[in-house]
1. Sort through V99, V54, V80, V72 and tell me the only one that's at pLDDT below 90, among the β-branched types (V, I, T) and buried (at least 16 other Cβ atoms within 10 Å of the Cβ).
2. Please go through the stretch 57-69 and give me each residue that is surrounded by 13 or more Cβ atoms within 10 Å (Cβ to Cβ), modelled with pLDDT under 95 and among the aromatic types (F, W, Y), ordered by number.
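The values are calculated or read from the model by the stated rules, or taken from the named source; none is laboratory data. On a predicted model such as this, the values are computed, not experimentally measured, just so you know. Cβ: placed from backbone, ideal geometry, glycine included. Neighbour counts: every protein chain shown.
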Amino acid sequence: MTVTVLPIFETEFKPQRSLAKVMNDRLQKAAKELQTIHFSALSGRGFSADDLVVYISYTPKYKIRYRIVNDVPADIEYFVAERCGRLGYLLWRSYVEEVVD
C-alpha cells in the first residue's frame, strides 16, 4: 500500500505571519511523522496494493484534523482513525457530513 499524507496549509482563518510559519512547520512535521512512523505498518505485506491519501490541516482552534480523501477498506479507515485519535487529531468533517448528522 502506498501511503501519502499531505498538509493543507490554507485554512478558514488567517493567523499572523509569524504564527503561520510556526503552524506550517508543525503541520509539515506532523505529516511526515504520520507517513513514515505512524502509518508505516500499512506499507508492509498483508494490505492491498491500493493507495491511502490523508489530508491534515488545522481547525480554527489550532487543533490538527485529518481526512482520508480516497476510498479505502473499513479496516484501513479504522487503523487511521485509531492512530490519529491517539495523537489527539480530530476527524475533518465536511459541511455536508455535518448537516446530514
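1. Working: V99 fails: buried (at least 16 other Cβ atoms within 10 Å of the Cβ); V54 fails: at pLDDT below 90; V80 fails: at pLDDT below 90.
The conditions single out V72.
2. Listed by number, the list holds a single entry, Y58.
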